[in-house]
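Working notes, beginning with the structure itself.
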Amino acid sequence: MMEEKDVQRLLDMLYGMVDEAKGAAFSSDKCVINRDEVLDLLDEIRGKLPLEMKKAQELIRARDEYVAAAKQEVEKMLRQAQLDAKTIVSESEILQQARQKGNDIIRRAEERSKELYHAANVYTEDALRRTEEAIQMALSEVQESRTRFRAASAEKMQEQREKLNKPADSENEAE
């Protein structure tokens with residue numbers, strides 16, 4: 001069974017590919033990478049991003065459901081406390097306890113909600129940042145390769161022109 005690669009693993013592979021790439025001639029900060037391999041990794045990353053986003057949305061949805069359930073539980077407890085308070089002589093004491101308990105539950109639910117929201121935001125921001133960095137690195141490599149290719153191609157064309165012009169110059173000088 002093939003191991004499923006997550007976005008972080010793919011980004012690590014892309015980083016490793018660039019880090020271990022053979023250095024380009026006459027350059028300490030440029031390298032040669034296999035374009036098809038890099039593009040394949042970028043395609044895989046692009047394919048995994050919706051899954052990463054879905055996971056983050058599921059975290060947010062779970063948080064919202066937790067908060068809603070906690071609020072319903074608080075409302076239920078408050079209603080019950082109000083009914084109990086009507087039938088008991090120490091109405092104010094029971095109601096005060098119920099309100100305190102309800103407030104404690106709401107406070108805890110809100111704290112948990114903030115934690116889940118923060119965790120989801122951190123996760124999503126980190127996944128997007130890592131993906132953006134990987135894509136930017138790959139794009140820079142492709143742009144640099146394209147520039148080097150154009151320069152090399154122009155140089156070869158110039159050499160060919162010079163070779164073609166040399167025999168014609170030699171004939172003109174002989175006449």
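Observations, loosely collected:
- Inter-label distance for E133 and K101, nm, one decimal - labels placed 7 Å from Cα along Cα-to-Cβ: 4.9
- Kirkwood hydrodynamic radius of the chain, from inverse mean 1/r over distinct Cα pairs, in Å: 22.5
- For C31, residues with placed amide H under 5 Å, excluding near neighbours: A24
- Crossing angle, helix 91-174 versus the chain [Cα axis fit, 0-90 degrees, rounded to tens]: 0
- Ellipsoid semi-axes for segment 15-105, based on the Cα gyration tensor and the rule √(5λ), read 65, 14, 5 Å when sorted largest first.
We did not get these values from a lab; they are worked out from the coordinates using the rules stated. These figures come from a predicted structure and were not determined experimentally. Cβ sites come from the backbone with ideal geometry, for glycine too, and all protein chains shown count toward neighbours.
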